[in-house]
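Visitor: This is the structure I want to talk about, given as structure tokens.
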Number of protein chains: 2
Amino acid sequence: MKEKVKGKLMIIGGAEDKEGDCTILKKLVDLAGRRDANIVIMTVASEYPERIGNEYMTVASEYPERIGNEYTHIFKRLGVENINAIHIHSRQDANYDEFVGRIEKASCIFFTGGDQLRITSLLGGTKAEEILKKAYYRGVVIAGTSAGASVMSETMITSGNDDDAPKKCTLKMAPGLGLLKDVVVDQHFAQRGRIGRLLTAIAQNPHMLGLGLDEDTAVIINNDAVFEIIGSHAVTILDGKNLDFTNVSELKPNEILSITNVTMHVLSSGFKYDIKSRRPVIGR
Amino acid sequence: MKEKVKGKLMIIGGAEDKEGDCTILKKLVDLAGRRDANIVIMTVASEYPERIGNEYMTVASEYPERIGNEYTHIFKRLGVENINAIHIHSRQDANYDEFVGRIEKASCIFFTGGDQLRITSLLGGTKAEEILKKAYYRGVVIAGTSAGASVMSETMITSGNDDDAPKKCTLKMAPGLGLLKDVVVDQHFAQRGRIGRLLTAIAQNPHMLGLGLDEDTAVIINNDAVFEIIGSHAVTILDGKNLDFTNVSELKPNEILSITNVTMHVLSSGFKYDIKSRRPVIGR
């Protein structure tokens, strides 16, 4: 990106607390401006029931609307007055002036969970995406949970096995929104046993830092590329810069990845990490 | 140990293939001497149904016997003639001359899965254990799968959360059989998402190497402390020698571990690792 970014990212590993202390969502409200906040909730990752054969299921689910309502209630409870849930179901929706206008006015844009490919395939190359990125550069807070976390990076994980040894054949990646450079994000990390898939991702390009976010855990990334961890679990950082061997390029389907000399950090709430220097900041 | 060890260890991450190629069990038969092998199967980790309230369940399960029969059939199929399944249910059994004699004559002693604390609480300090260790020093192959893998180390993991962020409060350790020095073994590793508990173990004493064995995957450890990996998944090695920070000693219950600068290797079949120098041996 050419211009200096002024926005912040809040990337959440999914399943953030919505009923107790709401540590993460409360912090998001703080970042967004509290009573002056204007939060846009983007439910684009969630979808209506799938078409089965040639028929759509008859009972229309209100899934995106239900998610939108849930977060609207939480943010209201946390003192925000100006909240808009935007439900984008098509690329036409993502070019719709009314929606684009609301995104433009937001102080915080929050992506809910679902399927990360829905976010990028519906938003990529539209006015909504263009305005969102401009907002981020200008100083707006962009947040996302679960699928909404994965899309933050330039290349994102779209699928891969949980609780499995690292395998190239089962990992699928795609271009993300690209708000976060040099990092690949994974979510529901410890809870779904996803270290194998994140290792495979960084083996493919050790320039990338692997960021595995546990549930109810988030990182807040400032424009100086230092992030801070909040929430009840941990963030796992996989750094491949000292890799001295991987067989990732020669693997046959179903063969298991080998990789040596990965540097790993696990950090919990209050700790910081500097993406540029690739070092934990231990003196808080 | 004072004398130079001449035996080998085969440590298996559980769920090894018993019907297909049987790569791991076939290799064990090779190490044990093929047609000349004398394999003792130790089912001590498995148990009869637990007492519920003040009553034992009425139908006696033949669980240890069933496991013993299963492995007896497999080893027979793989060409071994001399196979003894020994079912130790008490410390008295573990001092029983008949059993001790059979262990003494074995070329390979194989621990099946179950509860690692049954193995150590029933064998620890008995004649069976003494004879087993002498056999190992003399050149016998000691093998174990799942719980039978965990007991190999001096300190073993007895319980801890699967698919969870590292937490000290949920990890329990106990003294193992101590055949393998300077290492903590975990099993069913990727399949049960156990990196959190193994990280906590090495954070507590970074002198220890963490060895996470996936299912249907094994290491063969020679007396020069170089091990080789076989099987269909991977082995994860966590090396804490360069740790520069952990809060493990200050953690409150339920707090999440932080740990920085862990070196991680993931190695698949055919790769070797040198425990003494703590380096993967990449030129095979």
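Visitor: Residues to consider are A:ALA106, A:ALA174; find the one that is of a type in the set (Gly, Ala, Ser), at pLDDT 95 or above and out of contact with any Gly (no Cβ under 6 Å at 6 or more places or on another chain). Spell out the reasoning first.
Guide: Values: A:ALA174 fails: at pLDDT 95 or above.
One residue alone meets the criteria, A:ALA106.
Visitor: Which of (1) more than 23 Å from A:VAL29 (Cβ to Cβ); (2) among the aromatic types (Phe, Trp, Tyr); (3) in contact with a Ser or Thr (Cβ under 8 Å, 6 or more places away or on another chain) does A:TYR71 not meet, given it meets every other one?
Guide: Answer for A:TYR71: the failing condition is (1).
Visitor: Still on this structure: Quick check: is even one residue across the range B:50-64 at pLDDT below 95, out of contact with any Lys or Arg (no Cβ under 6 Å at 6 or more places or on another chain) and part of a helix (DSSP H, G or I)?
Guide: Yes, the range B:50-64 contains at least one residue that is at pLDDT below 95, out of contact with any Lys or Arg (no Cβ under 6 Å at 6 or more places or on another chain) and part of a helix (DSSP H, G or I).
Visitor: Another question about this same structure. Cβ-Cβ under 7 Å, sequence separation 6+ or interchain: first residue in the range B:146-171 and within 16 Å of B:GLN187 (Cβ to Cβ) and in contact (Cβ under 8 Å) with a residue 40 or more places away in the chain, partner among the acidic types (Asp, Glu) and assigned to a strand (DSSP E or B). Which pairs?
Guide: Short answer, once both residue conditions are applied: B:ILE157/B:ASP186.
Visitor: Shifting gears a bit: Could you pull out the residue among B:PHE245, B:PHE227, B:PHE189, B:PHE271 that is more than 10 Å from chain A (Cβ to nearest Cβ), among the aromatic types (Phe, Trp, Tyr) and out of contact with any Pro (no Cβ under 6 Å at 6 or more places or on another chain)?
Guide: None of the others qualify; the one that does is B:PHE227.
Visitor: So, one more: For the range A:151-162, name all the residues that are more than 18 Å from A:GLY7 (Cα to Cα) and more than 14 Å from chain B (Cβ to nearest Cβ).
Guide: So in the range A:151-162, the residues more than 18 Å from A:GLY7 (Cα to Cα) come out as A:155-162.
Hits for the range A:151-162 are A:THR155, A:MET156, A:ILE157, A:THR158, A:SER159.
Visitor: How many of the residues making up the range B:11-31 are in contact (Cβ under 8 Å) with a residue 40 or more places away in the chain, open to solvent by 10 Å² or more (accessible area, probe 1.4 Å) and among the small types (Gly, Ala, Ser)?
Guide: Residues meeting the conditions: 1.
Visitor: Looking for whichever is in contact with a helix residue (DSSP H, G or I) (Cβ under 9 Å, 6 or more places away or on another chain) and small (Gly, Ala, Ser) here; the options are A:SER249, A:SER277. Which one fits?
Guide: Unique residue meeting the criteria: A:SER249.
Visitor: Starting from the range B:116-129, keep only residues that are in contact (Cβ under 8 Å) with a residue 24 or more places away in the chain, then list their pairs with residues that are in a helix (DSSP H, G or I) and open to solvent by 70 Å² or more (accessible area, probe 1.4 Å) whose Cβ atoms are within a distance under 9 Å, requiring at least 6 positions of separation or different chains.
Guide: So the pair list comes out as B:LYS127/B:ASP97.
Visitor: Quick one: B:ALA165 ticks every box in (1) more than 14 Å from chain A (Cβ to nearest Cβ); (2) in contact with a helix residue (DSSP H, G or I) (Cβ under 7 Å, 6 or more places away or on another chain) except a single one, so which number is it?
Guide: (1)
Visitor: Something else about it: When you look at A:SER232, is it surrounded by fewer than 24 Cβ atoms within 10 Å (Cβ to Cβ), within 8 Å of another protein chain (Cβ to nearest Cβ) and more than 24 Å from B:VAL235 (Cα to Cα), yes or no?
Guide: Here the answer is yes, as A:SER232 does meet what is asked.
Visitor: Picking from B:THR112, B:THR126, B:THR145, which residue would you name as being among the β-branched types (Val, Ile, Thr) and over 18 Å from the mean Cα position of the chain (by Cα)? Quick ask: steps written out before the conclusion?
Guide: Values: B:THR112 fails: over 18 Å from the mean Cα position of the chain (by Cα); B:THR145 fails: over 18 Å from the mean Cα position of the chain (by Cα).
Answer to the check: B:THR126.
Visitor: Here's another thing I want to ask about it. If I go through the range B:190-219 residue by residue, how many of them are open to solvent by 10 Å² or more (accessible area, probe 1.4 Å), at negative phi and in contact (Cβ under 8 Å) with a residue 60 or more places away in the chain?
Guide: 2
Visitor: Are there any helices (runs of 4 or more DSSP H) wholly within the range A:86-178 with 2 or more residues that are open to solvent by 60 Å² or more (accessible area, probe 1.4 Å) and either under 15 Å from A:LEU9 (Cα atoms) or not aromatic (Phe, Trp, Tyr) (or both), and if so which?
Guide: Counting at least 2 such residues, we get A:97-105, A:116-123, A:127-138.
The values are calculated or read from the model by the stated rules, or taken from the named source; none is laboratory data. Quick caveat, the model's predicted, so the values are computed rather than measured. Every residue, glycine among them, receives a Cβ derived from its backbone with ideal geometry; neighbour counts consider all protein chains shown. Side chains included, ligands, DNA and RNA excluded: accessible areas come from the protein's heavy atoms. Shrake-Rupley method; radii C 1.70, N 1.55, O 1.52, S 1.80 Å.
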